[in-house]
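Input: a single structure, listed below in structure tokens.
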Amino acid sequence: MERVDVYFGLGSNMGDREDNLAAAVAMMADAFGALPQKASSIIETPSWGFEGPDFLNQCVMFRLPRKGSPAEHALSILAEVKRIEKALGRAEEPPIGPNQTREYHDRPIDIDILFYGNYTIDEPSLKIPHPLIPERDFVKIPLKEIGKQI
């Protein structure tokens with residue numbers, strides 16, 4: 001069975017931020033039936049896109065057996081991380097601002113799928129590679145630490 005390296009970016013700026021990251025990684029491992037193959041150190045960064053408390057950020061990589069097409073599998077992974085975010089207290093929908101764009105806000109956990117192997121996925125609810133990676137040092141720094149070239 002083909003395996004695929006899936007990279008995630010995690011962030012938390014509410015509550016016990018370090019515990020939130022650890023709980024998210026543990027829940028991901030349980031959901032995926034695999035331990036992360038790589039995990040960066042945790043870094044603290046200012047909030048991005050809004051005024052708020054600083055975030056703790058981390059990147060992790062899971063090597064998962066591919067199930068179905070890349071898009072189908074990535075979307076099923078997205079559903080799992082959304083379930084985990086909700087279980088850890090994240091509001092389901094991000095606020096939409098007056099110009100109909102997403103407004104960033106405080107959150108106990110944020111989990112983004114950054115890469116799904118070398119595949120490009122362009123679905124309405126999921127873009128991979130994550131299109132904002134080049135703008136986000138809080139993602140680029142931990143990705144580089146775990147050996148992912150951008």
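All of the numbers you see were taken from the coordinates with simple rules; none came from a lab. Since the structure is predicted, the reported quantities are computational estimates derived from the model, not experimental observations. When we count neighbours, we look across all protein chains shown, and the Cβ atoms used for this are built from the backbone with ideal geometry, even at glycine.
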Please state which one of L10, L35 is of a type in the set (A, V, I, L, M) and within 17 Å of R83 (Cβ to Cβ).
L10
Residues within the stretch 72-83 that are under 13 Å from M27 (Cβ atoms) and surrounded by fewer than 20 Cβ atoms within 10 Å (Cβ to Cβ), tallied
3
Counting only residues that are within 13 Å of G9 (Cβ to Cβ) and among the polar types (S, T, N, Q), which one in the stretch 37-52 is surrounded by the fewest Cβ atoms within 10 Å (Cβ to Cβ)?
T45
Across the stretch 47-80, what is the number of residues that are of a type in the set (A, V, I, L, M) and more than 14 Å from N118 (Cα to Cα)?
6
